[in-house]
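Taking it in order: structure first as structure tokens, then the write-up.
The values are calculated or read from the model by the stated rules, or taken from the named source; none is laboratory data. Because the structure is predicted, anything quoted here is derived from the model rather than measured. With ideal geometry, Cβ positions are generated from the backbone for all residues, glycine too; neighbour counts draw on all protein chains shown. Note: accessible area is taken over every heavy atom of the protein model, side chains too, but ligands, DNA and RNA are not part of it. Shrake-Rupley method; radii C 1.70, N 1.55, O 1.52, S 1.80 Å.
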Amino acid sequence: MSKSDAAPVRYWDYLDDYSTFREQYLALADTVFSSGRLILGDRVAAFEKNFAGYCGATSGIGVNSGTDALFLALKALDIGPGDEVITVANTAIPTVAAIRAVGASPVFVDVEEDTCLMAASEVESVISPRTRCLLPVHLFGQAVAMEPLLEIARDRNLYLVEDCAQAAGAEYLGRKVGSFGAIGAFSFYPTKVLGAFGDAGMMVTSDAGLEARLRRLRFYGIDADYHSEEEGYNSRLDEIQAALLDFRLAKLDSDVSRRREIAAAYDRGLAGIEGITLPVEREGRRHQYYLYTIRSSHRDQLKAYLADLGIETRINYPTPIHLMRGYRFLGYEAGSLPVTERLAGEILSLPMYPQLTEAEVDRVVAAVRMFKP
Ligand SMILES: *Cc1c(COP(=O)(O)O)cnc(C)c1O
């Protein structure tokens, strides 16, 4: 693989991976097309088993998307209208969309400044008699501190569901995310660290009762023989995505290692620049660097400067959810989540994917170093 010095540095790209593994992907697709089974077959069962095992959970239940994984997780816990779910506002919209889809209300807490993750210290003060569930988001690929949250969940008799969409393979105290709460919800949207060639998601759990419920809910409430035991939905994983994901699961750890190498190169190259704050990896965590997100008080200028030099960046996310027009009805005012709101104006995600070359990383580092506000 050779990339020209003048070509743009892409923020994310799957085409290098595709050209490297094209024959294997096409052979897998042919195997599935020739098998006579396209939905919820052996490939799905194998991937569910392998992925749950990877996460340290007993069972995996494959679905259409990460949003559905969150929605069905909350459904399976009987969370609905009148209930409150505590989460963060610096997340992808689907975290909140899933809470609303079951009819519950999101309650936002502020985040830690350095990790951008849910601050456990903020949680107690928003717990009400309606609170049913904590929904932390392992944002950017780093695990939220689970111990304090598990303790609160235990003391207050709350469920804990993990939004693991950005964090497949991330670890907290040597354990993979997804196995701490009642249910871990994953997305395999193409840009995620373990990405499909389309939409896909999974719930993992080690509770046999929840597993059975989740399997029913994704398939019209059916246990067997087209008889619905309870009102359910249609959210299935297909054989093609499962086969391709299973192949990619086998190289997830090496992909994560490569991401960590790139992050270390950014850390070294960008250390000590005035006005730039680098992401931190907390002790006891293994960050898988879905995103490498820096902070700058001149973020918009820096973004434009990098774009002029052919370097793509993104802002994840420019507007916290509580301030979006679509969620104004929740009643939050500007200023209600000060850290979250400040971070939204400073964060910038640099190019990050395993096939990024050393030369490309060097170009990004040199460009950020040259920037003068
Ligand atoms: C991607 C993502 C989701 C939703 O996943 P989809 O597969 O796109 O539905 C949920 N939460 C977070 C934090 C995400 O990044």
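Please find the FRET efficiency linking residue 362 to residue 24, where r is the Cβ-Cβ separation and R0 is fixed at 30 Å, and quote it to the nearest 0.05. Result of the calculation: an efficiency of 0.45.
Each helix, a run of at least 4 DSSP H residues, gives -39500 (n - 2.57); summed and divided by the residues of the chain, these come to -11500 deg cm²/dmol at 222 nm. GNM on the chain, C-alpha springs below 10 Å: top fluctuator among 306, 214, 237? In this elastic network of the chain, the residue with the biggest mean-square fluctuation among 306, 214, 237 is 306. For residue 187, the solvent-accessible surface computed with a 1.4 Å probe is close to 10 Å², ligands and nucleic acids excluded. What is the sum of charges around residue 103, taking Lys and Arg as +1, Asp and Glu as -1, for the other residues whose C-beta is under 15 Å from the C-beta of residue 103? With Lys, Arg at +1 and Asp, Glu at -1, the net is 0.
For the set 31, 58, the ranking by accessible area, highest first and with no ligand, DNA or RNA atoms included, is 58, 31 under a 1.4 Å probe. Only lysine pairs 8 or more places apart, or on different chains, with alpha-carbon atoms under 17 angstrom apart are counted in the chain, and they number 6. What you get for the chain, charging only the Cβ of Lys and Arg (+1) and of Asp and Glu (-1), is a dipole of about 360 debye around the Cα centre.
What does the charge count near residue 205 come to, summing +1 for each Lys or Arg and -1 for each Asp or Glu among other residues with Cβ under 14 Å from its Cβ? Within the 14 Å Cβ shell, the charges total +3. Kirkwood-type hydrodynamic radius, the chain: 21.4 Å, calculated from all non-identical alpha-carbon pairs.
If you average the C-alpha positions of region 301-373 and of region 130-155 separately, how far apart do those two centres end up, in angstrom? Cα centres, region 301-373 to region 130-155: 25 Å. All other residues whose Cβ lies under 12 angstrom from that of residue 64 are scored, Lys and Arg at +1 and Asp and Glu at -1, for a net of -1.
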